[in-house]
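Please treat every number below as a calculation from the coordinates, not as lab data. Since this is a predicted model, take the numbers as computed values, not measurements. Every residue, glycine as well, gets a Cβ built from its backbone with ideal geometry; the counts of neighbours run over all protein chains shown.
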Amino acid sequence: MILPPGLSHAFRAAAGELGYAAAAWIFARDVHAEAGDAGVGALRDQLGREYPVLDAVCVSWLAGIRAPVRESAACIAALAGCRRLTIVGLESDALDALLPAMSGLDAAILTYAPLPADWDRVLANFDGALSAIDLDAVLARAGSDSALLCFVYGGDDGLFAPPAWLRLDGPDVRAAFRARIAWNVLPTPFAVYPRWLAEVVPTSFTTVVA
Amino acid sequence: MSAALLVAVLLAALLAQAVWPQARLLILTLGAAVSGLLATLTGTSGMQQLLAGVPWGVLVMVVALGLLAEMLAMSRLFGVLAGLAVRATGADPRLLLIACAGGMFLVSGLVNNLTALVLVLPPVMVVLQLIGADRRYASWMLGLMIVACNLGGASTPIGDFPAILLLGSGVISFGDYLVAAMPVCAVAMAAIIVTTALWIRPWRGTEGSAIATRIAISTMDGMYRRVHVDWKVLAPAALMLAGMIVAWAVVPGISGVTSELICWLGVIAALIGRARIGERLLRTRVDVEAVLFLLALFIMVGAVRATGAFEHLAGWLAALPLAADLKLALLTVVAGLATGVFSAGPSMAALLEVAPALSGQLPATAIYVGLAMGVCAGSSLLLTAATSGPLAQSMVDRAGLVDAQGRQIRFGFTEYLPIGLMGSAIILAVGVGAVLVLAEVAPRLGLP
């Protein structure tokens, strides 16, 4: 089965503003609606190598999982006592679940990302609950009531984070925040090399939630 | 001698800014300074007289309407509408093209062309990417939006510089212009869309697959899932805009309450409606580029006016052995050609000095709507003729659009040319036809 040739660039546009996993679930769902499991298989064959998160989501879909299993409660618990949150990586579904449950939280997202996005539009979806910051402003948000949250992906064979996390994973930053939380939004092993992401060790974080 | 020198400076500056748009402001401000110096040294005029002759009302309106457009943009109204358009058209390339062109026409009537493009183009480019548009479709989509932008801007007296110039200079009232120009522009827009749909059919290479269409809609839904119109910003802006339109239409000119005063009061009232945002907009978003551009232009045109060159040109036009309506048709065509070379603002500013030559022979409505349509046709002729063209080009470059095969989608002078030629020819044909009709029927409709 041959899928429309423009899907690769469409995925890039979607992942830039929704997040890799959120966009991948949309693509898997819509391709399945039009072309069934064969279409999802073709999606994996055509785009999987280029977008490993999409590949992993397609594998999950073909294994019968039709939606992300996302528990925000563990992340909310890990953020107890925090008044300021700096977010690395974008996953719109997860943030849609998290931010409304954390009223009063000063949340900001790092706009340093490998895929292009219209950040004004991204932020407009959070009704003022999220602002944007650059790398150089992260340390200004440090403090005893301040946390870092990073979206990660991967199973037991390795944990992968957006490259921006590597810019923050130094001893100067580690000591400056109350907590460094990883939220694994796709706890599935990658079958292909996780391009666009960087391998991190779980000890980079004070807490890993899934 | 002084006339030749000052005309040469004006023409050289206009040509140079058209050739090197990246240095537009430097060239025009230098041209204005040189014009001032030459006029002073030759005794033609002085800097005080040239500055006193600047139509400051036009500059007030440009600044005020620009700020109002910023407020409308901040309300996110246009992004929400773009999302709705994708859903309503089912991301069908045919319907999308028509909806985008029509939508741009309407938006441009309310806000200036640059703001309209900045508001509407980003979501459209996302959709082009999502549906896997090919180069031809993308070029026609973007090109038609620029033409629609120009036509929408000409359809109301507040849509773009040339129209604001007409309103601000007091040669035609808000209501008279709107009643006469809006239908003409709408007919031209419809003719362009129909011609594109029946003859060009640019979507032939972008027949959307069911999968691509479904994904495009889902992704746009996701991108705009909770983007709401900010009514607290939109309400004062929309209310004041409506109030201004009513005031422009009903307040008589003889009252002394001029168009720019209505505009100034209305926009300040809208900004006070959201005081914190209003103060920030006033401090940071005044369109200094537009103000300097027009100020320099007015000084150069003023210097040439002081030599009597425009009166001479107007006298030549009036003395042509042609019927009055044919002279107007000629002026419309000349306006189109001049705008294609010099761009809209300069052409309108210069031809406004010449157009009164016909005012004794023809209704003012026909003259100024003809002039506006000619300028609009010229603006649409080449990508470089209107400021919206280079802006669209740079936005497309920055967006890194690619076609389904992964090739970069370019949108430049050559890609735009066929669209510009077609659009410009249709606008000019409709414009010339309209002024010939208006010359006959305007008095019967009670138009001046």
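Details
- Farthest toward the positive end of the dipole of chain B, out of B:PRO202, B:LEU5, B:LEU331, is the Cα of B:PRO202, where the dipole comes from beta carbon charges about the Cα centre.
- Qualifying trypsin sites (Lys or Arg not before Pro) for the stretch B:185-240 [loop in DSSP, other Cβ within 10 Å: at most 14]: B:ARG225, B:ARG226
- Across all C-alpha atoms in chain A, the radius of gyration and Dmax reach 16.9, 54 Å.
- Assigned charges on the beta-carbon of Lys, Arg, Asp, Glu; the stretch B:41-155 dipole about Cα centre (debye): 200 debye
- Extension gain for B:ALA33-B:VAL246 works out to 72.7 nm (0.36 nm per residue, less the C-alpha to C-alpha distance).
- Angle in degrees between helix B:413-441 and the longest Cα principal axis of chain B, rounded to the nearest 10: 60 degrees
- Rounded to the nearest 10 degrees, the angle from helix A:20-47 to the longest Cα principal axis of chain A is 10 degrees.
- Computed Rg/Rh of the stretch B:2-441, alpha carbon atoms with Kirkwood Rh: 0.98
- Shape category assigned to the protein assembly as shown from the gyration tensor of Cα positions, a/c cut at 1.5: prolate
- Residues B:SER380, A:SER146 arranged by fewest to most Cβ contacts within 10 Å: A:SER146, B:SER380
- Rounded Å value of the spacing that divides the Cα centres of the stretch B:377-442 and the stretch B:294-340: 24 Å
- Modelled FRET efficiency - R0 25 Å, A:ALA63 with B:GLN405, Cβ distances, 0.05 increments: 0.15
- Within a Gaussian network of chain B (alpha carbon springs, distance under 10 Å), most fluctuating of B:THR42, B:THR115, B:THR29: B:THR42
- Across B:ALA338, B:ALA69, B:ALA23, mean-square fluctuation computed from a Gaussian network of chain B (C-alpha pairs under 10 Å connected) peaks at B:ALA23.
- Peptide A:10-16 has a mean of 6 when you count, residue by residue, the C-beta atoms of other protein chains within 10 Å of its C-beta.
- Averaging the sequence gap over all C-alpha pairs within less than 8 Å and six or more residues apart, then dividing by the number of residues, gives the stretch B:130-199 a relative contact order of 27 percent.
- Bins of 10 Å, starting at 0 and running to the largest distance - Cα pair percent for the stretch B:348-448: 15, 32, 25, 16, 9, 3, 0
- Charging the Cβ of each Asp and Glu at -1 and of each Lys and Arg at +1, and nothing else, the dipole of the protein assembly as shown about its Cα centre rounds to 240 debye.
- Average partner coverage of A:117-125, which counts Cβ from other chains inside 10 Å: 5
- Within a Gaussian network of chain A (alpha carbon springs, distance under 10 Å), most fluctuating of A:ALA80, A:ALA142, A:ALA13: A:ALA80
- Converting phi to 3J(HN,Hα) with the Karplus coefficients 6.51, -1.76 and 1.60 and the offset θ = phi - 60°, the stretch A:66-81 yields 9, 7, x, 8, 10, 10, 7, 4, 5, 5, 4, 5, 5, 8, 4, x Hz in sequence order, with x at every glycine or proline.
- Relative contact order of the stretch A:72-209: 26 percent, from C-alpha pairs under 8 Å at least 6 residues apart in sequence.
- Charge dipole of the stretch B:344-448 about the Cα centre (unit charges at C-beta), most positive-ward option of B:LEU421, B:GLY446, B:VAL435: B:LEU421
- Between helix B:231-250 and chain B: long-axis angle, C-alpha atoms, 0 to 90°, nearest 10: 40 degrees
- Cβ-Cβ FRET estimate between A:ASP96 and B:MET1, R0 fixed at 60 Å, reported to 0.05: 0.25
- The ranking of B:MET373, B:MET47, B:MET240 by Cβ neighbour count inside 10 Å, starting from the fewest, reads B:MET47, B:MET240, B:MET373.
- Label-point separation, B:ALA324 to B:ARG94 (7 Å along Cα→Cβ), nm: 4.7 nm
- Sorted ascending by nearby beta carbons within 10 Å, beginning with the fewest, B:PHE174, A:PHE11 become B:PHE174, A:PHE11.
- Positive dipole terminus of the stretch A:33-111, leading residue within A:CYS58, A:GLY104, A:ALA35 (C-beta point charges): A:GLY104
- Inter-centroid distance (Cα atoms) of the stretch B:346-368 relative to the stretch A:148-210, Å: 68 Å
- Across all Cα pairs in the stretch A:7-62, the calculated P(r) in 5 Å bins from zero up to the longest distance comes to 5, 25, 37, 25, 8, 1 percent per bin.
- Neighbourhood charge, 14 Å Cβ-Cβ cut-off, centred on B:ALA366 and excluding it, Lys, Arg +1 and Asp, Glu -1: -1
- Peptides A:16-22, A:175-181, ordered by how many other C-beta atoms sit within 10 Å of their residues on average, highest first, read A:16-22, A:175-181.
- Among the trypsin sites (Lys or Arg not before Pro) in the stretch A:37-121, those placed in a DSSP loop whose Cβ has at most 15 other Cβ atoms within 10 Å are A:ARG49, A:ARG66, A:ARG83.
- Principal axis dimensions, largest first and in whole angstrom, of the stretch B:62-191 by Cα: 48, 33, 23
- Rounded to the nearest 20 debye, dipole of the stretch B:200-284 from Cβ charges on Lys, Arg, Asp, Glu: 340 debye
- Modelled FRET efficiency - R0 41 Å, A:ALA140 with B:ASP221, Cβ distances, 0.05 increments: 0.70
- Chain B, relative contact order [Cα under 8 Å, separation at least 6], %: 23 percent
- Peptide A:26-33, shielding by other chains (average Cβ, 10 Å cutoff): 4
- Distant-in-sequence amide contacts of A:ALA132, defined by a placed amide H-H separation under 5 Å and a gap of 5 or more residues or a different chain, comprise A:ILE109.
- What the phi angles of the stretch A:155-165 give under the Karplus curve with 6.51, -1.76 and 1.60, with θ = phi - 60°, is a coupling list of x, 5, 7, x, 10, 10, 10, x, x, 4, 4 Hz, glycine and proline written as x.
- In the protein assembly as shown, the calculated helix contribution to ellipticity at 222 nm averages -20500 deg cm²/dmol per residue, counting -39,500 (n - 2.57) for every DSSP H run with n ≥ 4.
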